[in-house]
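The values are calculated or read from the model by the stated rules, or taken from the named source; none is laboratory data. Computed from a predicted structure; not experimentally measured. Backbone-built Cβ (ideal geometry, glycine too); neighbour counts: all protein chains shown.
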């Protein structure tokens, strides 16, 4: 996976070839990335007080892989995720999600792309307290106006069973442990089979055992179901579950590694900190 750059171009609403991929039906053709940044800038404010949260970021995120995004506080991690999901606009550059040019879409169009192609797992769970675990998982279908068919219910129950939650399906979030609530949030993110699941510090509020469970579930979503996971984390142990580790600092991608041990990740972060000192 190489970091590449190209200039900003206008294009039609769907143009996978902009990310340099063959769009033919040849089975030997490379698979387009789920997410592609091309020279992305995000600047807040103007003049001397302007903050450059993203500074010329160009990167591809491959389908069917687990990618971790790391960096110090204020490095641009949250901005990267918000721009990747179409929650924030780039000041310049191109952002392609599932072949759709987020940078060129109106708010309503971006909302539809996000609804159809992105699942979210947040540190704070964000479950509706008055709905049961099963109802929370089904909720995105209802909000999108999609029929909750027998097939959907079967898939939801299958997810809950695989996550060890089927016997807790009718319980409210208040009756679940933190780890169980996060597993419900993961089931909700995976149920609609999105192209990419964005996880923002998903283990930040969990104890060690619950964290291990959640990370194992995310890993299994990739290995067993071909999901694409993009996770922000500060934890070397969490990042060690990923296939790829991106490190961002001062709005720039400064490191891109394959799978590493927790110790190697910690050493990498320390060396980068010392290099910046």
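For the reader, a short list of remarks on this structure follows.
- Scanning region 77-102 for residues that are surrounded by fewer than 21 Cβ atoms within 10 Å (Cβ to Cβ), in a helix (DSSP H, G or I) and in contact (Cβ under 8 Å) with a residue 24 or more places away in the chain yields a total of 2.
- Scanning region 103-136 for residues that are touching a strand residue (DSSP E or B) at 6+ places or on another chain (Cβ under 7 Å), farther than 25 Å from residue 52 by Cβ and assigned to a helix (DSSP H, G or I) turns up 113, 117.
- Residue within region 13-33 that is under 20 Å from residue 199 (Cα atoms) and either modelled with pLDDT of 95 or more or surrounded by 18 or more Cβ atoms within 10 Å (Cβ to Cβ) (or both) present: yes
- Residues of region 52-69 include none that is outside any strand (DSSP E or B), at pLDDT 90 or above and more than 14 Å from the chain's Cα centre (by Cα).
- Flag set for residue 104, criterion: within 30 Å of residue 41 (Cβ to Cβ), over 20 Å from the mean Cα position of the chain (by Cα) and at pLDDT 90 or above.
- Members of region 79-101 found to be touching a strand residue (DSSP E or B) at 6+ places or on another chain (Cβ under 7 Å) and within 17 Å of residue 197 (Cβ to Cβ), listed by number: 80, 81, 83, 84, 85, 86, 97
- Listed by position, the helices (runs of 4 or more DSSP H) enclosed by region 167-277 that each have at least 2 residues that are within 14 Å of the chain's Cα centre (by Cα) and more than 30 Å from residue 51 (Cβ to Cβ) are 178-191, 208-225.
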